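The values are calculated or read from the model by the stated rules, or taken from the named source; none is laboratory data. Nothing here was measured: the structure is a model prediction, and the numbers come from that model. Because the Cβ atoms are built from the backbone with ideal geometry, glycine has one as well, and the counts that use them run over all protein chains shown. These accessible areas exclude ligands, DNA and RNA; they are computed on the full protein's heavy atoms, side chains included. Shrake-Rupley method; radii C 1.70, N 1.55, O 1.52, S 1.80 Å.
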Amino acid sequence: SNAYPGEFFFFVRTNELLQGLGSKLGIDMKYLDILKPYAERGLKLLSNHSAPKGPDPLLQEKIADIQLNKKIESCLGRLKTSGSIAGAQVCCIKNDKVLVHSICGNLGSLKSECQVRSDSLFLGFSVTKAITATLILKMVEEGFLELDEPICERIWPEFAPSGSPPAELYGAMEDDEEMVLEKWRWKRSITLRNILTHTSGLWFATPSNLTIESLASCEKCIQGFQFDAEKPENTILPVSEPGSECKYHYISFGWLVGGCVIGSYFLRHGLRKTYHTIFQEI
């Protein structure tokens with residue numbers, strides 16, 4: 001597979017062989033504990049190698065509110081000393097002026113050797129949900145779409161393109177025909193409000209055949225929620241009626257909202273732009 005490096009599979013196979021050999025010989029050896037320090041050292045070296053080089057851009061910035069910046073620095077220092085954080089960055093901009101830009105500590109864990117810089121990258125995880133939700137709600141405010149209209153009717157027709165389940169869907173799914181019909185009806189009724197309130201019934205959903213490359217593309221993952229007549233077996237259907245139960249959409253949220261962003265923008269402007277481009281524009 002091109003999705004993972006060969007070294008990964010080599011490690012997995014070696015791990016399995018050692019486990020099988022140890023079991024056969026009756027040896028209880030914690031070989032993963034033995035490997036751990038070497039693995040950590042290799043990952044730390046890799047982290048140091050990929051760390052930004054050169055002077056920190058923060059050194060060239062003009063801070064507009066020196067007193068506020070000192071207060072933030074003091075607060076971050078106390079948090080670092082208490083062990084509450086490994087490191088952090090705080091930046092506050094108002095009217096294009098940098099009021100505060102303070103950094104402290106390191107990136108933690110396997111990157112504990114890397115000091116936080118103003119251009120350090122942090123993995124934000126689901127913090128981005130609030131940003132995505134703000135974007136689509138701004139589009140609602142500007143009349144691109146409505147909260148309670150089924151998204152498949154105008155905004156994202158590819159999501160569920162016909163009133164009845166396509167013929168290809170029957171037989172391609174594990175459910176019987178009656179359940180396929182019911183779940184298709186559910187999918188056709190999903191609204192933006194259902195998505196934003198985690199009640200769409202698609203909380204579990206991920207596109208089929210994900211690779212590292214496709215996972216890195218918002219647009220490719222969005223396509224995975226659309227019906228494809230050539231691959232009906234990959235169709236994603238809700239597991240519950242929209243609005244009936246709330247389950248956290250831990251990974252599908254961004255792709256579902258992203259589909260609404262791209263679709264509603266196309267509906268108004270007739271241009272198929274990427275999520276990133278629309279975000280920057282709106």
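Odds and ends about this structure:
- Pairs of Cα atoms farther than 20 Å apart, region 107-203, %: 56
- Heavy-atom accessible area order for Tyr275, Tyr38, Tyr248, largest first, 1.4 Å probe: Tyr38, Tyr248, Tyr275
- Among [x] 34, 26, 20; [y] 40, 33, 16; [z] 39, 26, 19, the entry that matches semi-axes √(5λ) of the Cα gyration tensor in Å as calculated here: [y]
- Computed across region 185-282, the Kirkwood radius stands at 14.1 Å (inverse of mean 1/r, all Cα pairs).
- Contour minus Cα-Cα distance for Leu210 and Ala167 (0.36 nm per residue): 12.9 nm
- Accessible-area ranking of Val127, Val239, largest first, probe 1.4 Å: Val127, Val239
- Loop-exposed GluC sites (Glu not before Pro) per DSSP, neighbour cap 10 Cβ within 10 angstrom, longest uninterrupted part of the chain: 1-173
- Accessible-area composition of the chain, carbon plus sulfur, in percent [1.4 Å probe]: 57
- Coil-residue trypsin sites (Lys or Arg not before Pro) of region 158-192, DSSP, other Cβ within 10 Å capped at 15: none
- Prolate/oblate/rounded label for region 149-239 (Cα gyration tensor, a/c 1.5): oblate
- Whole-number D in µm²/s for region 37-171 (Stokes-Einstein; Kirkwood sum over Cα pairs; 10 °C, 1.306 mPa s): 82
- Accessible area of Ile27 (1.4 Å probe, protein heavy atoms only, ligands and nucleic acids ignored): about 90 Å².
- Gain on full extension, evaluated as 0.36 nm per residue between Cys92 and Ser112 minus their Cα-Cα distance, stands at 4.7 nm.
- Screening the chain for whole DSSP H helices of 27 Å or more along their axis (Cα) with average Kyte-Doolittle hydropathy at least -0.5 returns 6-25, 31-50.
- Rounded to 0.05, the FRET efficiency of the Lys247 and Val12 pair, given R0 = 35 Å and the Cβ-Cβ distance, is 0.65.
- Per residue accessible area of the chain, 1.4 Å probe, in Å²: 63
- Relative contact order, percent, the chain [alpha-carbon distance under 8 Å, six or more residues apart]: 15
- Of Met139, Met173, the residue with the largest accessible area leads and the full order is Met173, Met139 (1.4 Å probe).
- Within straight-line cross-link reach of Lys36, lysines at Cα separation under 16 Å, skipping those fewer than 8 residues along the same chain: Lys44, Lys111
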